[in-house]
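These notes concern the structure reproduced below.
The values are calculated or read from the model by the stated rules, or taken from the named source; none is laboratory data. Since this is a predicted model, take the numbers as computed values, not measurements. So basically every Cβ, Gly included, is an ideal-geometry build from the backbone, and we count neighbours across all protein chains shown. Each accessible area value is taken on the protein alone, full model and side chains, heavy atoms only, with ligands, DNA and RNA left out. Shrake-Rupley method; radii C 1.70, N 1.55, O 1.52, S 1.80 Å.
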Amino acid sequence: MGSGRNVAVFGAYGHTGRFVVAELRERGYVPLLLGRDQDKLQALAQANPGLEARQASVDDPASLDRALVGAAAVINCAGPFASTGAPLVEAALRAGIPYVDVAAEIEANVDTFAHFAERARAAGTVVVPAMAFYGGLGDLLVTTAMGDWTAADEAHIAYGLNSWHPTTGTLASGVVSGQRRGGRRVRYTGGQLEYHDNALPTLEWHFPAPLGAQKVIGEFSMADIVTVPSHLAIPEICTYMTAKAAGDLSAADSAPIAVDERGRSAQTFVVDVLVRSGGTERRASAAGQDIYAISAPLAVEAVDRILTGRTKTTGVASAGAVFDAPDFLRALSPHLSLHVPLDTRG
């Protein structure tokens, strides 16, 4: 166990990793800069005087062990997580420290729950996968919308992105996921993941103002179809993506461009959640700027709550299972505009 203020960031020089490093420093933590590329690590260390760079590779367990010496927790920001997730979780378990990642890869998150649940619980530590825009935020919103419900018939998570210029890491992770699925699509229905070749439907989703009605792609499945059912009894979970953003992702002709002092892009988002039980619907939504930038306060708030004992369980757990979801979202108010859930009768 580390000093309590040192937090290792694997993939610290990546796009999301840099946001995480900055957020940790703002919160009074000392990031340990971890990664495979020594030149990129040194460049990041020079831009952040006083921070230590430690080269490590997921192919070399001993290097990971050395890199985690003195760390109180580790945040994995390096995809594809199908390659980095398991080695980093293993290293965290050996070090006796909590692990958090920002994985959006559905299959990688399934692997984390399947392979490490018992070991992490036995070790009395916490492993939180998908603690990011995809997977974490949607799970927190669904859990908040559920309120006192213990089960629901269905949950819908709609992503209202005005644009999506993916990072190289996002593109690489998408290739790996596509290969693992054999080119098929995935959805969560009947209480399980189902792979299929059907064309994705196009429909209209009514987002909160000012976004309003938008054309969306249905069954545009993201990590939420792993995180939400890991702890909530909801047999049907569907996610949607604005057609414009889905088109941008397919084109993938440019990376995010910074427009402010924090390094955020001009991208805006609304995540709108609807859960339905019988004739009653509950909704919750959050709006903000830059899906990659918002992953940093999500991951760092998670680490802070773990290290200060504000958790509800041990083992592998999603955001909504391990944290007080409404309180967690309130803590993100400097970064998100939140709409509280209300009941409506169908």
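Residue by residue, what Karplus-based ³J(HN,Hα) values in Hz, rounded to whole numbers, does the stretch 196-201 have, using 6.51, -1.76 and 1.60 with θ = phi - 60° and x for Gly and Pro?
For the stretch 196-201, the Karplus-derived couplings read 8, 10, 5, 5, 6, x Hz, x marking Gly and Pro.
How many percent of the alpha carbon pairs in the stretch 72-131 exceed a separation of 16 Å? Walk me through the intermediate numbers first.
Details: 545 of 1770 pairs.
Roughly 31 percent, once rounded to a whole number.
Can you give the three extents of the C-alpha atoms in the stretch 58-106 along their principal axes, from longest to shortest, in whole Å?
Sorted largest first, the three principal extents are 30, 20, 13 Å.
Could you work out the per residue convex hull volume over the alpha carbons of the chain, in cubic angstrom?
127
Modelled label-to-label distance, D260 and D60, 7 Å Cα→beta-carbon offset: nm?
3.9
With each pseudo-label sitting 7 Å past Cα toward Cβ, what's the W149-N162 distance in nm, one decimal?
3.1
Ranked highest first by the average count of other Cβ atoms within 10 Å around their residues, in what order do 114-127, 316-329 fall?
Averaged packing, sorted descending, gives the order 316-329, 114-127.
Given the C-alpha centroids of the stretch 41-117 and the stretch 251-265, what is the distance between them in whole angstrom?
25
Amide H neighbours of H335 under 5 Å, at least 5 residues apart or on other chains, H built in the peptide plane: list them.
none
Among DSSP beta bridges lying fully in the chain, give the percent that are antiparallel, nearest 5. Could you put the intermediate results ahead of the total?
Details: 37 of 63 bridges.
So the antiparallel bridges in the chain amount to around 60 percent.
Take the eigenvalues of the Cα gyration tensor for the stretch 185-264, scale each by 5, and report the square roots as semi-axes in whole Å, largest first. Let's see the in-between values first.
Values: eigenvalues 139, 53, 47 Å².
So the three semi-axes of the stretch 185-264 are 26, 16, 15 Å.
What is the extension gain from Q42 to T313, computed as 0.36 nm multiplied by their sequence separation minus the C-alpha to C-alpha distance, in nm to one decimal? The partial results should precede the final answer.
Values: separation 271, 0.36 × 271 = 97.56 nm, distance 3.74 nm.
Result for the pair: 93.8 nm of gain on full extension.
Just to confirm the number: angle between the C-alpha axis of helix 15-26 and the first principal axis of the chain, 0 to 90 degrees, nearest 10?
70
For a quick check of your reading of the filter: which chymotrypsin sites (Phe, Trp or Tyr not before Pro) in the stretch 1-91 sit in a DSSP loop and have no more than 12 other Cβ atoms within 10 Å?
Taking the stretch 1-91 and a limit of 12 other Cβ atoms within 10 Å, no loop chymotrypsin sites (Phe, Trp or Tyr not before Pro) are found.
Between A122 and R181, what length comes free when the chain is fully extended (0.36 nm per residue of separation minus the Cα-Cα distance, one decimal in nm)?
18.1 nm
At a Förster distance of 30 Å, what's the computed FRET efficiency of E52 paired with S337, Cβ-Cβ distance as r, to 0.05?
On the way: r = 36 Å, r/R0 = 1.21.
My answer for the efficiency is 0.25.
What angle, in degrees between 0 and 90 and rounded to the nearest 10, separates the Cα long axis of helix 81-95 from the longest principal axis of the Cα atoms of the chain?
So the helix axis and the longest Cα principal axis differ by about 50 degrees.
How large a share of the accessible area of the stretch 179-306, in percent, is made up of carbon and sulfur atoms when the probe is 1.4 Å and the other protein chains stay in place?
Carbon and sulfur together cover 49 percent of it.
Compute and list, largest first, the equivalent-ellipsoid semi-axes of the stretch 181-221 from the alpha carbon gyration tensor, each √(5λ) rounded to a whole angstrom.
26, 12, 7
Highest first, please rank the peptides 30-37, 332-339, 242-249 by the mean number of other Cβ atoms sitting within 10 Å of their residues.
Values: 30-37: 22.1, 332-339: 14.4, 242-249: 19.0.
Result, highest mean Cβ count within 10 Å first: 30-37, 242-249, 332-339.
Largest first and to the nearest Å, give the Cα extent of the stretch 96-220 along each principal axis.
In descending order, the Cα extents are 47, 40, 30 Å.
Tell me the mean residue ellipticity at 222 nm calculated for the chain from its helices only (DSSP H runs of n ≥ 4, each -39500 (n - 2.57), averaged over every residue, nearest 500).
Details: 12 runs with 125 residues, N = 346.
Here the helix-only value at 222 nm equals -10500 deg cm²/dmol.
Counting only heavy atoms of protein chains, what accessible area per residue, in Å², does the chain have with a probe of 1.4 Å?
Solvent-accessible surface per residue comes out at 40 Å².
If you average over every viewing direction, what projected area does the convex hull of the Cα atoms of the stretch 1-48 give, in nm²?
In nm², the orientation-averaged hull projection of the stretch 1-48 is 3.3.
As a test of reading the structure, rank E281, E105, E204 by solvent-accessible area (1.4 Å probe, protein chains only), most first.
Largest accessible area first, the residues go E204, E281, E105.
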